[in-house]
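Here's the structure, in structure tokens; my notes come after.
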Amino acid sequence: MPRALPLIFASLALAACGPKAADPAAGGKFAGLDGEIREWRETLMKTRSVCTEAPADKACQSFEVACKGEKEITSADAAKGVTARVVAAMTYSGWDATHGEFSPASAFAEFAKTGETWTRQEIGPLNLTTCAVS
């Protein structure tokens, strides 16, 4: 058995280097979504009071996309030329001046792609586990 351990570790290491599943946001109908999400982050930094009213060294931080979920394209969407619809939740830490510390914050948006253009609309809360509308 001791001789087999190096072979097992080598096999696991090689398996880890194998091909990875393609990121659906990297191309195809989701092409451009990652850039749109980065732009959303920048918009949050410029528009959320917990970000704009904080001292420069206390600006919002620790942004993370908590979930992304594809939504079904309805016949009404298809008639408008919508080819993809995605909801997303972003969590971050915003400065709480009252308590003198960072507090958790979140934002929710729905993205729709028509042609090569994505649009974004703020929406209500999402369940962060399922990415379904709460």
- Message: Starting from 0.36 nm per residue, how many nanometres of slack lie between SER106 and ARG38 once their C-alpha separation is accounted for?
- Response: 23.0 nm
- Item | Loop sites in the range 76-134: trypsin sites (Lys or Arg not before Pro), DSSP, at most 12 other Cβ within 10 Å | LYS80
- Could you tell me what percent of the accessible area of the range 36-134 is made up of carbon and sulfur, with a 1.4 Å probe and every protein chain present? 49 percent
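What's the FRET efficiency of THR52 with SER75 using the Cβ-Cβ distance as r and R₀ = 41 Å, to the nearest 0.05? Walk me through the numbers on the way to the answer.
On the way: r = 41 Å, r/R0 = 0.99.
Efficiency computed from Cβ-Cβ geometry: 0.50.
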- Message: Give the residue list of GluC sites (Glu not before Pro) in the range 65-134 that are DSSP loop and have at most 15 other beta-carbon atoms within 10 angstrom.
- Response: GLU72, GLU116
- Note on the structure: Mean accessible area per residue over the range 61-134 (1.4 angstrom probe, all protein chains present, square angstrom) is 57 Å²
- Task: Any lysines with Cα under 25 Å of the LYS71 Cα? List them, leaving off those in the same chain fewer than 8 positions away.
- Result: LYS20, LYS29, LYS80, LYS113
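The values are calculated or read from the model by the stated rules, or taken from the named source; none is laboratory data. For clarity, every value in this text was computed on a predicted model and none was experimentally measured. Cβ sites come from the backbone with ideal geometry, for glycine too, and all protein chains shown count toward neighbours. Side chains included, ligands, DNA and RNA excluded: accessible areas come from the protein's heavy atoms. Shrake-Rupley method; radii C 1.70, N 1.55, O 1.52, S 1.80 Å.
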